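Scroll down for the structure; my scribbles are underneath it.
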Protein chains: 2
Amino acid sequence: MVTIKDVAKLSGVSPSTVSRVIADNPRITEETKKKVRKAMKQLGYHPNISARNLVAKSTKAIGVIMPSSANTALQNPFFPEVLRGIGSVIHEARYSLSLSTGETDDEICEEVKRMVFGRYVDGIILLYSRLNDRVTNFLREQDFPFVIVGKPYENESETTYVDNDNLKAGKEITKCLIDKGHEKIAFIGGSSDLIVTKDRQDGYIEALKEAGLEENDSYKIHTEFLKSGGREAVEYLLSLKEKPTGLVVSDDLISLGVISRLEESGYSIPDDLSLVSFNNVYLSEITRPPLTTVDIQIYELGAQSAKALIEKTVNKGEPAKRIIIPHKIVYRDSV
Amino acid sequence: MVTIKDVAKLSGVSPSTVSRVIADNPRITEETKKKVRKAMKQLGYHPNISARNLVAKSTKAIGVIMPSSANTALQNPFFPEVLRGIGSVIHEARYSLSLSTGETDDEICEEVKRMVFGRYVDGIILLYSRLNDRVTNFLREQDFPFVIVGKPYENESETTYVDNDNLKAGKEITKCLIDKGHEKIAFIGGSSDLIVTKDRQDGYIEALKEAGLEENDSYKIHTEFLKSGGREAVEYLLSLKEKPTGLVVSDDLISLGVISRLEESGYSIPDDLSLVSFNNVYLSEITRPPLTTVDIQIYELGAQSAKALIEKTVNKGEPAKRIIIPHKIVYRDSV
């Protein structure tokens, strides 16, 4: 993908000059225009109509990008709750909100490019962080304002992000099971390339190590952040010779599936099997039994990310920040 | 509020000519420009920067407006589900989605005006319908493409809307209680100016009438579409001398509050009190007991509204349509 930056480099002008040439700004000399247009042609760069708005002032809009498949994501109560937090802040600041609808990585990437090149938004909030994410790489390359809800997979110090201390939380919640005498503890997480899964799993592993318990690779399961993911994980675990007695589940909606599948097989929680969970979405108090889970303050994650992004869009020089939202364990009846 | 239409009328030109004058289009004669500018001055019409984009082509974006307070709305699983349906269709069509974040009527109205005058979106989906709604009136006045999820409060035949047959559904679900011998049946609905509440309540009343049961005004309660709304409704009902034995609740999240509050007071469902509900969001199968509820196909309501809106934005001559999504009763254990 040829960018304005490439055109700027080749023609020896600044990217904003290129934008002005595209917008046919009268303050740019014909000579410069010629030079830039030649570079554009040489590189095969075709600005779309919206790119002509690049020199426009603030759009007073921000983009919110959900992980691949908004269709799936919106089934998990995490997302409406984080959107609530974002919405409250951007509304206060009189910004509008543009929501991604893409399903595949390709589609989402295309959507983000449209937002950026079309200058539809002043900045972007990514509601996920995963290894080698193309969208993140693109936004860095373009030097476009963005904030991650989650921990970036690299260049941590150059990126503003809002996260929980998921490693610590993972360790603490696993200890809840260890303290009750559990020794065979499995971990059920989301996709293994998501940083949040990695962090929570690392916390789980640290807790096992500290307690002198053995790590068992067949006890680490990665699935989708859906009820069905939880059901599948249980089916696999029940097929093992040595079944675990404790489960660390990294998402309440997965836990819902875990509970329903265990119930079907006649397992009783917490008598036959104990379970701890993450997120504290509202359904965690209506499951039977109600879940012992980590309250990660989802609303606050959203609100703080929006605040940080607006600061960044208003002031380009705003330094990168790491904002950690405190978590706390909510004790209910699943252990 | 002075609109482009008013300016057009006074100066005797078409609204699009006014837009072109605002955009200082060279194809408009100086004479026309003078005439239009005079009318603008006379009427006190001040186009903002974005209004200059009015002659621009399609924005390939649609706006989605939630009922007052996105902050509250997003707590109800109805909204993420309807957004999922909308998202899937507009994504397929390569449109983007702009979500309202306003809390009060004033704020939402202002947001919609910004979307329309700023030409940020090609069309708007209203996720509610209420009596004398200012947003609906404004969109009609502007002749801006919009679709309602719900039934319009007036000009039904001129408005495209996607709805369930809520009257019929309300009647059928009330009959579930009557057929089991209940005679004292209360109705708990959302705000009384919402058309959906009115329709479902009318169905409830019709069912009572047909069965020769008496209507009781103290059995009609209107509250917020939240768990807390359900709790408050129960508190009121328990304070009555003649307590109902059956409840028709027009929203699953309200039902969740109803159940939790009844449980606290030692009432058992369905033994002491039966309950039927509406919407069939996923939490209706995890409550204890699981809810007998009307499946209104929320995802389909969203998808069909987006399809209808895109048709309208592509083809201005598309006739107004009434799209009724079938409902069905899901029988579980709350009766």
Tell me which of these A:V147 doesn't satisfy, since it passes every other one: (1) within 23 Å of B:Y95 (Cβ to Cβ); (2) away from every other protein chain (no Cβ under 14 Å). (1)
Go through (1) surrounded by fewer than 16 Cβ atoms within 10 Å (Cβ to Cβ); (2) of a type outside the set (D, E, K, R); (3) under 22 Å from the mean Cα position of the chain (by Cα) for A:V196 and report which single condition fails. (1)
How many residues does region A:99-137 contain that are hydroxyl-bearing (S, T, Y) and over 14 Å from B:R94 (Cβ atoms)? 3
Go through (1) more than 14 Å from chain A (Cβ to nearest Cβ); (2) closer than 19 Å to B:I298 by Cβ; (3) assigned to a helix (DSSP H, G or I) and name the single condition B:Q201 misses. (2)
Matching residues, region B:171-210, being more than 19 Å from B:L273 (Cβ to Cβ) and of a type in the set (G, A, S): B:G190, B:S191, B:S192, B:G203
When region B:258-283 is checked residue by residue, the ones that are more than 11 Å from chain A (Cβ to nearest Cβ), farther than 18 Å from B:K180 by Cα and buried (at least 21 other Cβ atoms within 10 Å of the Cβ) are B:V258, B:L262, B:F278, B:N279, B:N280
One residue from A:E214, A:E224, A:E206, A:E235 being without any contact (Cβ under 8 Å) to a residue 24 or more places away in the chain and among the acidic types (D, E): A:E214
Long-range neighbours under 6 Å by Cβ, at least six apart or interchain, first residue facing another protein chain (nearest Cβ under 7 Å) and under 14 Å from A:K227 (Cβ atoms) within region A:63-83, second open to solvent by 20 Å² or more (accessible area, probe 1.4 Å) and modelled with pLDDT of 90 or more: A:L74/B:R84
Is it fair to say A:F138 is open to solvent by less than 20 Å² (accessible area, probe 1.4 Å), of a type outside the set (A, V, I, L, M), on the phi < 0 side of the Ramachandran plot and more than 16 Å from the chain's Cα centre (by Cα)? no
Look at region A:117-135 and say how many of its residues are open to solvent by 10 Å² or more (accessible area, probe 1.4 Å) and more than 18 Å from the chain's Cα centre (by Cα). 4
Among the numbered criteria (1) β-branched (V, I, T); (2) touching a Lys or Arg at 6+ places or on another chain (Cβ under 7 Å); (3) open to solvent by less than 20 Å² (accessible area, probe 1.4 Å), which single criterion is violated by B:V112? (2)
With out of contact with any Ser or Thr (no Cβ under 8 Å at 6 or more places or on another chain) and at pLDDT below 95 as the only criterion, which of A:L283, A:L301, A:L237 stands out? A:L283
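Take B:I269 and decide whether it is out of contact with any Cys (no Cβ under 7 Å at 6 or more places or on another chain), under 15 Å from B:I148 (Cβ atoms) and of a type in the set (V, I, T).
Numbers: out of contact with any Cys (no Cβ under 7 Å at 6 or more places or on another chain): yes; under 15 Å from B:I148 (Cβ atoms): no; of a type in the set (V, I, T): yes.
Here the answer is no, as B:I269 does not meet what is asked.
Does B:S218 count as open to solvent by 30 Å² or more (accessible area, probe 1.4 Å), modelled with pLDDT under 95 and among the polar types (S, T, N, Q)? Don't jump to the end; show me each part of the working.
On the way: open to solvent by 30 Å² or more (accessible area, probe 1.4 Å): yes; modelled with pLDDT under 95: no; among the polar types (S, T, N, Q): yes.
No: the conditions fail for B:S218.
Give the number of residues within region A:314-330 that are touching a Cys at 6+ places or on another chain (Cβ under 8 Å) and open to solvent by 60 Å² or more (accessible area, probe 1.4 Å).
Total satisfying the criteria: 0.
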Would you mind stating whether A:G170 is over 14 Å from the mean Cα position of the chain (by Cα), touching a residue at least 24 places away in the same chain (Cβ under 8 Å) and within 30 Å of A:I185 (Cβ to Cβ)? yes
Just one of (1) surrounded by fewer than 20 Cβ atoms within 10 Å (Cβ to Cβ); (2) free of Cβ contacts under 8 Å to residues at least 24 places away in the same chain; (3) not assigned by TED's automatic domain parsing to the domain that holds B:L273 trips up B:G181, so point out which. (3)
Within region B:45-53, is even one residue modelled with pLDDT of 80 or more and either of a type outside the set (G, A, S) or within 30 Å of B:S88 (Cβ to Cβ) (or both)? no
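Among the residues of region B:88-104 satisfying the criterion of being in contact (Cβ under 8 Å) with a residue 60 or more places away in the chain and at the interface with another protein chain (Cβ under 7 Å from one of its Cβ atoms), which is most open to solvent (accessible area, probe 1.4 Å)?
Keep residues of region B:88-104 that are in contact (Cβ under 8 Å) with a residue 60 or more places away in the chain, which gives B:88-90, B:93, B:95.
Subsequent filtering for residues that are at the interface with another protein chain (Cβ under 7 Å from one of its Cβ atoms) retains B:88, B:90.
On the way: B:S88: 24, B:I90: 0 Å².
Among residues in region B:88-104 that are in contact (Cβ under 8 Å) with a residue 60 or more places away in the chain and at the interface with another protein chain (Cβ under 7 Å from one of its Cβ atoms), the one most open to solvent (accessible area, probe 1.4 Å) is B:S88.
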B:D133 passes all but one of the listed conditions (1) in the same structural domain as B:P319 (by TED's automatic domain parsing); (2) in contact with a Gly (Cβ under 8 Å, 6 or more places away or on another chain); the exception is number (2)
Of all residues in region A:221-256 being closer than 22 Å to A:L167 by Cβ and open to solvent by 40 Å² or more (accessible area, probe 1.4 Å), which is farthest from the other protein chains (Cβ to nearest Cβ)? A:H222
In region B:93-110, how many residues are in a helix (DSSP H, G or I) and modelled with pLDDT of 90 or more? 2
Quick check on my filter: what residues within region A:284-308 are farther than 20 Å from A:I259 by Cβ, within 14 Å of chain B (Cβ to nearest Cβ) and crowded, with 24+ Cβ neighbours inside 10 Å? A:G302, A:A306
Do we have any residue at all in region A:117-134 that's closer than 22 Å to A:S58 by Cβ, within 14 Å of chain B (Cβ to nearest Cβ) and assigned to a helix (DSSP H, G or I)? yes
Positions within region B:141-159 being buried (at least 22 other Cβ atoms within 10 Å of the Cβ) and not in a loop (DSSP other than H, G, I, E, B), in sequence order: B:F146, B:V147, B:I148, B:V149
Quick check on my filter: what residues within region B:59-89 are part of a loop (DSSP other than H, G, I, E, B), closer than 21 Å to B:R130 by Cβ and polar (S, T, N, Q)? B:S68, B:S69, B:Q75, B:N76
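The values are calculated or read from the model by the stated rules, or taken from the named source; none is laboratory data. Just so we're clear, the structure is a prediction, and the values are computed from it rather than from any experiment. Glycine also receives a Cβ, built like all others from the backbone with ideal geometry; neighbour counts cover every protein chain displayed. Accessible surface is based on the protein model in full, side chains and every heavy atom, while ligands, DNA and RNA are left aside. Shrake-Rupley method; radii C 1.70, N 1.55, O 1.52, S 1.80 Å.
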